[in-house]
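First up is the structure itself, then whatever we jot down about it.
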Amino acid sequence: MKTIKIKNFTQEFTIGKMVCVGRNYAEHAKELGNEVPAKPVIFLKPASVVIYSSDKIVQPSFGEDLHHEVELVLLIGKKVKDVNEKDAEDAIIGYGLGLDMTMRDVQKELSKKGDPWTISKCFDTSAVLSDFVLKKDYNLTLNEEISLSVNGTVKQKEVLNKMIFNPAQIVEYISSLMTLEDGDLIFTGTPKGVSKVVSGDTITAELSGIAKLDCSIA
């Protein structure tokens, strides 16, 4: 079982499911040639793909175009279903930083056929997580900056308030589709600037006031 660590907190949370939001920044949707969505685009990652800061990302053999996607990640602290926006906000108990690694060439081919994205998103090491902070210890304003650099060059940099759907709206919507439980994680989408990484590259990412992580491509 994979777990997440909380800063200044002895308890670890066992990760349940990981629900991810696609195209939650308008400029990222446009850079991939997609329409800006009217409601969150949802997909899943299994907890088994999780690695942590300082670990190595291993590119799978079935694709050639591995992309980085840096994201705010929400930790759910209680079981919720069909909640309103206020109760959705109350269900979030912590924040972290994550990488949603994506085989872009595989994703594009699957999309052309109308097939699910699953194998482009769910290979081993495709989710990298930082330590988390509890909401009681940090007041998220959405004025925080999220950024990612490859080999010291900034590739992604944006303010969280550029998200199309904010955290509470995301949780509200997902809860209308499925039950969320304590230990579930929600990846909230990535800003523009996604790009290819290759063996030997080093990735560093930061979410101001909350978390940092670093990893490399094996």
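The set of residues from the range 89-137 being assigned to a loop (DSSP other than H, G, I, E, B) and surrounded by fewer than 16 Cβ atoms within 10 Å (Cβ to Cβ) comprises Gly114, Asp115, Pro116, Asp124.
Of all residues in the range 1-35, which are more than 23 Å from Met178 (Cβ to Cβ), of a type outside the set (S, T, N, Q) and in a loop (DSSP other than H, G, I, E, B)? Quick ask: steps written out before the conclusion?
If we filter the range 1-35 for residues that are more than 23 Å from Met178 (Cβ to Cβ), which is where we start, we get 5-12, 25-35.
Cutting the leftovers down to of a type outside the set (S, T, N, Q) gives us 5-7, 9, 12, 25-33, 35.
Once the filter is applied, which keeps residues that are more than 23 Å from Met178 (Cβ to Cβ), of a type outside the set (S, T, N, Q) and in a loop (DSSP other than H, G, I, E, B), the range 1-35 yields Lys5, Lys7, Phe9, Glu12, Leu32, Gly33, Glu35.
Pairing residues of the range 130-153 that are over 14 Å from Val73 (Cα atoms) with residues that are assigned to a loop (DSSP other than H, G, I, E, B) and of a type in the set (Asp, Glu), at Cβ distances under 7 Å and at least 6 apart in sequence or on separate chains, gives Val150/Asp201; Asn151/Asp201.
This table checks each residue for (1) assigned to a helix (DSSP H, G or I); (2) at pLDDT below 95; (3) of a type outside the set (S, T, N, Q).
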position	(1), (2), (3)
Gln169	yes, no, no
Thr190	no, no, no
Val194	no, no, yes
Gly200	no, no, yes
Ile203	no, no, yes
Cys215	no, no, yes
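Of these, Lys30, Lys81, which one is modelled with pLDDT under 95 and of a type in the set (Lys, Arg)? Only one candidate passes the filter, namely Lys30. In the range 138-161, how many residues are aliphatic (A, V, I, L, M) and part of a loop (DSSP other than H, G, I, E, B)? Residues in the range 138-161 being aliphatic (A, V, I, L, M) and part of a loop (DSSP other than H, G, I, E, B): 2 in total.
Where residues in the range 38-61 are in a loop (DSSP other than H, G, I, E, B), in contact (Cβ under 8 Å) with a residue 60 or more places away in the chain and not polar (S, T, N, Q), which of them is farthest from Lys196 (Cα to Cα)? First the steps, then the outcome.
Restricting attention to the range 38-61, the residues satisfying the condition of being in a loop (DSSP other than H, G, I, E, B) are 38-40, 46, 53-55, 58-61.
Of the ones still in play, those that are also in contact (Cβ under 8 Å) with a residue 60 or more places away in the chain are 39-40, 46, 53-55, 58-60.
Right, trim to not polar (S, T, N, Q) and you get 39-40, 46, 55, 58, 60.
On the way: Lys39: 27, Pro40: 25, Pro46: 23, Asp55: 18, Val58: 14, Pro60: 14 Å.
Among those residues, the one meeting the criterion is Lys39.
Hey, can you tell me all the residues within the range 148-165 that are of a type outside the set (D, E, K, R) and either surrounded by 18 or more Cβ atoms within 10 Å (Cβ to Cβ) or in contact with a Pro (Cβ under 6 Å, 6 or more places away or on another chain) (or both)?
Within the range 148-165, the subset of a type outside the set (D, E, K, R) is 148-154, 156, 159-161, 163-165.
Correct list: Leu148, Ser149, Val150, Gln156, Leu160, Met163, Ile164, Phe165.
Scanning the range 65-73 for residues that are surrounded by fewer than 14 Cβ atoms within 10 Å (Cβ to Cβ) and at pLDDT 95 or above turns up nothing. One residue stands out among those in the range 1-33 that are surrounded by 14 or more Cβ atoms within 10 Å (Cβ to Cβ) and polar (S, T, N, Q): the one that is farthest from the chain's Cα centre (by Cα), which is Thr3.
The values are calculated or read from the model by the stated rules, or taken from the named source; none is laboratory data. Remember, predicted model here, so these are calculated numbers, not experimental data. Positions of Cβ are backbone-derived with ideal geometry, glycine not excepted, and every protein chain shown enters the neighbour counts.
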